[in-house]
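The values are calculated or read from the model by the stated rules, or taken from the named source; none is laboratory data. None of the values given here were measured: they were computed from a predicted structure. Positions of Cβ are backbone-derived with ideal geometry, glycine not excepted, and every protein chain shown enters the neighbour counts.
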Amino acid sequence: MQKSSSHNRQVQRTKSWIFDALMLLMDEKPYENITVSDIADKAGIARPTFYRNFDDKDEVVLQYLNNSFGTENDDKQNNIILLFDNKYLIKHQKNLKKILSTASIENRIYHELQKYTLSLTERYKKQLSAEDYLICRYKICYQITGSLRIIFDWFINNMPMPVDNIISMLNAMNVPKTVQYRNIPGVIVRLKTA
């Protein structure tokens with residue numbers, strides 16, 4: 001048990017070194033020009049060590065962003081809850097701004113987000129008719145992607161309104177359930193409390 005715990009700490013430390021190296025390199029040159037070799041050299045690790053932890057440099061960024069956002073299901077209310085960690089965003093503001101202002105990263109984020117929203121809707125596939133399932137897919141994709149796009153914009157532009165206001169606004173914007181679509185889950189945006 002001790003060995004596994006120390007191994008996990010080392011993996012986390014290595015991933016942190018890799019991310020820090022990527023952020024330092026982004027101060028020196030455009031993201032598109034940074035190679036895995038550059039990152040490994042800056043982090044003081046071998047390339048195989050990089051590849052034991054990540055498939056590519058985009059995955060480094062995506063894992064970092066996963067610490068800011070998450071989802072959970074509220075089966076009682078038939079909602080998918082989009083959680084975002086305001087404290088994490090503020091603590092890592094400089095790095096996240098660099099990440100979110102890079103076009104190629106933004107494209108990868110939205111590609112991964114599309115795959116993620118499709119995976120969220122899979123659980124409803126057997127519960128809904130074919131047409132309702134498509135509506136569910138499109139609604140969840142629209143609401144989650146739209147909510148994150150607004151949060152990114154708000155964040156990049158120095159958070160011009162209080163966080164509670166942005167959350168309230170997003171929840172008001174997310175299309176309420178109608179009688180016609182009562183079986184289709186809604187999306188609620190909340191701050192992470194843990």
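Being touching a residue at least 40 places away in the same chain (Cβ under 8 Å), out of contact with any strand residue (DSSP E or B) (no Cβ under 9 Å at 6 or more places or on another chain) and not in a helix (DSSP H, G or I) is a description that applies to residue 184. Any residue in the range 45-52 that is out of contact with any Pro (no Cβ under 7 Å at 6 or more places or on another chain), in contact (Cβ under 8 Å) with a residue 40 or more places away in the chain and not basic (Lys, Arg)? There is no residue in the range 45-52 that is out of contact with any Pro (no Cβ under 7 Å at 6 or more places or on another chain), in contact (Cβ under 8 Å) with a residue 40 or more places away in the chain and not basic (Lys, Arg).
Taking the range 157-181 as the range and being hydrophobic (A, V, I, L, M, F, W, C), part of a helix (DSSP H, G or I) and at pLDDT 85 or above as the test, the residues that pass are 163, 166, 167, 169, 170, 172, 173.
The single condition among (1) loosely packed, with under 13 Cβ neighbours inside 10 Å; (2) more than 22 Å from residue 60 (Cβ to Cβ) that residue 119 does not meet is (2). Residues that are surrounded by fewer than 17 Cβ atoms within 10 Å (Cβ to Cβ) and over 21 Å from residue 10 (Cα atoms) within the range 39-70 comprise just one, 70. Restrict the check to the range 98-109 and report whether at least one residue is among the polar types (S, T, N, Q), in the same structural domain as residue 166 (by TED's automatic domain parsing) and not in a helix (DSSP H, G or I). Within the range 98-109, one or more residues are among the polar types (S, T, N, Q), in the same structural domain as residue 166 (by TED's automatic domain parsing) and not in a helix (DSSP H, G or I). The number of residues in the range 72-96 being outside any helix (DSSP H, G or I) and crowded, with 16+ Cβ neighbours inside 10 Å comes to 8.
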